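The values are calculated or read from the model by the stated rules, or taken from the named source; none is laboratory data. Quick caveat: nothing in here was measured; it's all calculated off a predicted structure. Cβ coordinates were reconstructed from backbone atoms using ideal geometry, including for glycine residues, and neighbour counts include every protein chain displayed.
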Amino acid sequence: MNVRFLESFVCVAKLGSFKGAADMLHTTAAAVASRIATLEEQFGVRLFERDHRGVLLTHSGTELLPYAEKMIELQTRMFNAIGHTEAFSGMLRIGVIETVAHTWLPDLLSRFAKKYPRATLEIGSDLTPRLRDDLLRGTLDFAILSEEITPGFIDNRRITNLAMRWVASPSLAAQLPRGAAMGFPDLAKHPIISFYRESGVYRNIAQSAGASVDLRISFFSSIGAMIDMARSGFGSSLLPVAVIQQDLLDGRLVALDVAPAPAALPLVASFRMEPASPLADALVDMARASCEDFIANGSCDVLAR
């Protein structure tokens with residue numbers, strides 16, 4: 001049985017579209033339909049039904065899906081075992097938080113493309129809760145997010161802990177106490193720029209606030225918008241040093257010594273154990289290497305305290 005035909009079947013099943021699968025596999029919808037028709041002829045059953053909602057798996061297609069995924073996984077592991085990683089031609093759907101997208105994601109993708117030149121990647125950047133939901137639903141194969149996922153069928157691998165710093169524009173920093181580390185109440189006299197309410201960063205802020213009153217917090221889902229607002233002098237923000245190290249070096253942002261010191265931001269690689277992505281272990285290793293190189297080649301280690 002042609003494993004490439006099984007790859008087409010899995011793509012159609014995951015995307016719910018022959019055209020979407022064709023785009024992902026760099027072929028035509030007619031070629032994908034032909035591969036599916038061949039599989040249906042071999043098995044003697046219909047694998048998909050079409051209706052107003054799109055392409056849906058039949059009962060037989062639903063039964064075939066986990067076996068097809070295992071066949072693709074087995075082929076990849078076989079290629080890896082004998083050193084022919086370049087032969088892998090499957091699709092991998094990866095989701096990352098914006099912190100990763102703004103730092104070492106390009107290096108990770110370059111490493112992956114070099115080792116798996118025939119693989120197809122679908123990359124998305126989103127908030128941790130949405131990435132978690134997509135991974136649990138099976139619409140992602142692999143995610144890099146800021147907290148572990150608790151269900152038992154998800155494997156979580158810690159990549160690193162990123163240093164976090166309170167920062168502000170030079171004009172706002174000039175209005176804050178200098179010398180000894182300021183307390184959170186001093187910071188809270190001015191607006192605070194935070195990630196969305198469900199984020200670990202906001203929980204960090206809330207824990208630091210304690211009994212502080214009259215907090216003026218503006219919530220953002222975009223780290224780029226947070227950095228722009230902090231540069232403008234709108235307020236102070238708690239951000240990963242890795243993302244803002246050039247702003248700190250160029251003086252567009254100033255690091256603030258605030259007590260208590262903020263907790264580090266964890267970066268976690270998560271993937272489904274069943275069915276397991278055949279490239280999950282390799283991706284974790286590449287992610288760690290890309291992250292370590294980014295930090296080693298930058299100034300994060302100097303600026304983080």
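Just name the residue that is surrounded by the fewest Cβ atoms within 10 Å (Cβ to Cβ) out of those in the range 227-257 that are among the polar types (S, T, N, Q) and at pLDDT 95 or above. If we take residues in the range 227-257 being among the polar types (S, T, N, Q) and at pLDDT 95 or above, then S232 is surrounded by the fewest Cβ atoms within 10 Å (Cβ to Cβ). With the structure loaded, tell me whether D141 is within 22 Å of A21 (Cβ to Cβ) and either buried (at least 19 other Cβ atoms within 10 Å of the Cβ) or among the small types (G, A, S) (or both) or whether it fails that test. In short, yes. So which residues in the range 1-33 are surrounded by 14 or more Cβ atoms within 10 Å (Cβ to Cβ), without any contact (Cβ under 8 Å) to a residue 24 or more places away in the chain and of a type in the set (S, T, N, Q), if there are any at all? Listed by number, the list holds a single entry, T27.
Can you tell me which residues in the range 165-220 are hydroxyl-bearing (S, T, Y), modelled with pLDDT of 90 or more and under 17 Å from P240 (Cα atoms)? Give the steps one after another, and end with the answer.
Within the range 165-220, the first condition is being hydroxyl-bearing (S, T, Y), and the residues that meet it are 169, 171, 194, 196, 199, 202, 208, 212, 218.
Still in the running and modelled with pLDDT of 90 or more: 169, 171, 194, 218.
Matches in the range 165-220: S169, S194.
Of all the numbered requirements in (1) out of contact with any Phe, Trp or Tyr (no Cβ under 8 Å at 6 or more places or on another chain); (2) touching a residue at least 60 places away in the same chain (Cβ under 8 Å); (3) surrounded by 15 or more Cβ atoms within 10 Å (Cβ to Cβ); (4) not assigned by TED's automatic domain parsing to the domain that holds R178, E292 misses one, and that requirement is (3).
The set of residues in the range 199-211 that are under 16 Å from T99 (Cα atoms) and of a type outside the set (G, A, S) comprises V201, Y202. Of note, R137 satisfies the criterion of being charged (D, E, K, R) and under 25 Å from R4 (Cα atoms).
Where helices (runs of 4 or more DSSP H) fall wholly inside the range 126-210, the ranges with 1 or more residues that are in contact (Cβ under 8 Å) with a residue 24 or more places away in the chain, touching a Leu at 6+ places or on another chain (Cβ under 8 Å) and hydroxyl-bearing (S, T, Y) are 128-137.
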